[in-house]
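Each remark here refers to the structure printed beneath this line.
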């Protein structure tokens, strides 16, 4: 099992299937990525709100990659296991005029600096915030030609902001272009569902991932197995959908969960629908990457017989 490392620079802040890969790996390889914070290194621990307002927003997300997976073809599934997301002791959260879930109520600019202490932060006293680091952006090259900003998520993954993608989770993505061309970044030390003020705890990070390839498999969009936490019930199967209409996106996530229950556990569609009604968690992962909303449909793994997806 070969291990690789990939420095952050040169980063990229667009999706484009024509980007040249910075690293080519075989399935099974482990890669440790250096990831800048979401600002691309422009925000520092001593930055003021005035410094923040002056950053170059064309550099937002500053992704590390692309990584080419040898043998990956359209119609395959790329599995990305998160082994570790390590912080560097600090993070920031901002409020940006015109953005956020409550942009009319909170119209002024604001920057908050966090000190990260192991697995928690006490910076916003009297709260003690547990840290569950993850990458807000993990995705493959889109299947269509062109250059696209990284803010909207999609079938390819991208700016999903799914907080369950912490260490121990596995993300499954459809391969939409030869080589997959995977990139990651926008690491968060912690984030609530919705990411309502437009940021989590934005931080630089060292991210270790393992890549597997499942040939000739179909996948309609991102899904994952979470590592789970005892206080949240444990590991989950999670289907992720993004779209411009929140209700239709939630319906699509629910429908995909029903399809999963039918195909992998042998329920009838109506039985799966009933199970979703009594056991599924339907939540907003992000509500601020407009016009797209991301909805996660989750079922605890412990209520179902153990299965492998692929």
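Those strands (runs of 3 or more DSSP E) of segment 124-229 in which at least 3 residues are over 25 Å from residue 111 (Cβ atoms), considering only elements entirely within it, cover 170-174, 205-214, 223-225. Applying the criterion of being in contact with a strand residue (DSSP E or B) (Cβ under 8 Å, 6 or more places away or on another chain) and part of a loop (DSSP other than H, G, I, E, B) to the residues of segment 1-19, the residue that is surrounded by the fewest Cβ atoms within 10 Å (Cβ to Cβ) is 1.
Being within 20 Å of the chain's Cα centre (by Cα), closer than 23 Å to residue 8 by Cα and in contact (Cβ under 8 Å) with a residue 60 or more places away in the chain: is that true of residue 152 here?
Yes; evaluated as a whole, the condition is true for this residue.
Within segment 101-121, residues that are farther than 19 Å from residue 53 by Cα have Cβ atoms under 6 Å from residues that are loosely packed, with under 13 Cβ neighbours inside 10 Å in these pairs: 120/128; 120/130, counting only partners at least 6 apart in sequence or on another chain. Would you say residue 122 is modelled with pLDDT of 95 or more and over 25 Å from residue 287 (Cβ atoms)? Criteria met by residue 122.
The number of residues in segment 233-251 being in contact (Cβ under 8 Å) with a residue 24 or more places away in the chain and either part of a helix (DSSP H, G or I) or more than 18 Å from residue 194 (Cα to Cα) (or both) comes to 8. Could we say that residue 82 is under 27 Å from residue 34 (Cβ atoms), touching a residue at least 24 places away in the same chain (Cβ under 8 Å), more than 19 Å from the chain's Cα centre (by Cα) and crowded, with 16+ Cβ neighbours inside 10 Å here? No, not satisfied.
Does residue 255 satisfy being loosely packed, with under 14 Cβ neighbours inside 10 Å and more than 26 Å from residue 135 (Cβ to Cβ)?
no
The sole residue among 220, 269 that is free of Cβ contacts under 8 Å to residues at least 60 places away in the same chain and either surrounded by fewer than 19 Cβ atoms within 10 Å (Cβ to Cβ) or in contact with a strand residue (DSSP E or B) (Cβ under 9 Å, 6 or more places away or on another chain) (or both) is 269.
Flag not set for residue 225, criterion: at pLDDT 95 or above, buried (at least 16 other Cβ atoms within 10 Å of the Cβ) and closer than 30 Å to residue 102 by Cβ. When residues in segment 181-208 are screened for being buried (at least 22 other Cβ atoms within 10 Å of the Cβ) and more than 18 Å from residue 151 (Cβ to Cβ), 9 of them pass.
The condition of being in contact with a strand residue (DSSP E or B) (Cβ under 9 Å, 6 or more places away or on another chain) and either part of a loop (DSSP other than H, G, I, E, B) or farther than 22 Å from residue 173 by Cβ (or both) holds for residue 27.
The values are calculated or read from the model by the stated rules, or taken from the named source; none is laboratory data. The structure displayed is predicted, hence computed values, not measured ones. Virtual Cβ from ideal backbone geometry, glycine too; neighbours counted across all protein chains shown.
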